[in-house]
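Student: Encoded as structure tokens, here's the structure I'll be asking about.
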Amino acid sequence: MSQLWQKALLYLGLVDEEAIDEERNQPIEAAPMQSQVRTVSNRSEGVVGRRVEPPAGRAPMSVSDRTMVTAGSTSGVRQVKSADAQCDIVEATGFSDAKLLADRIRGRVPVVLNLRATDPDMVRRLIDFASGLTYALDGTMRKISEGVIMVLPPRVSLGREEKRRLADLGLYSTAEDGE
């Protein structure tokens, strides 16, 4: 027992001095340990190395088993959407469209928010909501045309075909993009 621990127990009155003296006089026995380290000789170079074996009861996995575990688990592996995924166009009329916007962004779907026919006070509220949403989810948000905002989930961008489709609908201005 460590000195500090012994002194604390003695101070609190939980042990007698005689018990501590008896414990000091008892020989310490080493517990039998099963080593999981085995020595392996490398025949080609003549170097002796050590190898640590996996814990007993767990068989080593083959490469095909590891692939199946990785591909089957949903917690660690996510499918990455292509950059040419179509975005949803939301014609905002009221603040109830903010929930629709949030659900789509959380589902990793790009959203074009058309605010042209929306009341100016409502536009301010929706822009503030979208700004907070993109900040919280680490996304991006930018103006793509007059009265049109594009909100992107994290690590998602639009491809050229999608930009052309939005431009054909009158929702994307290449002057805003710099192209």
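The values are calculated or read from the model by the stated rules, or taken from the named source; none is laboratory data. Everything numeric in this text was worked out from a predicted model, so none of it was measured. Neighbour counts are summed over all protein chains in view; Cβ atoms, including those assigned to glycine, are modelled from backbone coordinates with ideal geometry.
Student: Which one is farthest from E91 (Cα to Cα), of the residues in segment 158-171 that are surrounded by 12 or more Cβ atoms within 10 Å (Cβ to Cβ) and within 32 Å of the chain's Cα centre (by Cα)?
Tutor: Checked segment 158-171; the qualifying residue farthest from E91 (Cα to Cα) is G159.
Student: While we're on this one: Can you confirm whether segment 108-124 contains a residue that is more than 15 Å from S173 (Cα to Cα), modelled with pLDDT under 90, assigned to a helix (DSSP H, G or I) and acidic (D, E)?
Tutor: no
Student: Here's a follow-up. Looking at segment 144-153, which of the residues that are touching a Ser or Thr at 6+ places or on another chain (Cβ under 9 Å), free of Cβ contacts under 8 Å to residues at least 40 places away in the same chain and of a type outside the set (S, T, N, Q) is surrounded by the fewest Cβ atoms within 10 Å (Cβ to Cβ)?
Tutor: E146
Student: Sort out which residues of segment 133-157 are over 20 Å from the mean Cα position of the chain (by Cα) and of a type outside the set (D, E), and write them in order of number. Full working, then the answer.
Tutor: Filtering segment 133-157 for residues over 20 Å from the mean Cα position of the chain (by Cα) gives 141-151.
Within segment 133-157, M141, R142, K143, I144, S145, G147, V148, I149, M150, V151 meet the criteria.
Student: Identify the residue in segment 125-143 that is in a strand (DSSP E or B) and not basic (K, R) and, among all such residues, is surrounded by the most Cβ atoms within 10 Å (Cβ to Cβ). Walk me through it before giving the result.
Tutor: Here is the first cut: in segment 125-143, the ones in a strand (DSSP E or B) are 140-143.
In the following step, the residues that additionally are not basic (K, R) were identified as 140-141.
On the way: T140: 15, M141: 17.
The residue in question is M141.
Student: Continuing with this model, one more query. Examine segment 135-148 for a residue that is touching a helix residue (DSSP H, G or I) at 6+ places or on another chain (Cβ under 7 Å) and among the hydroxyl-bearing types (S, T, Y), and state whether such a residue exists.
Tutor: yes
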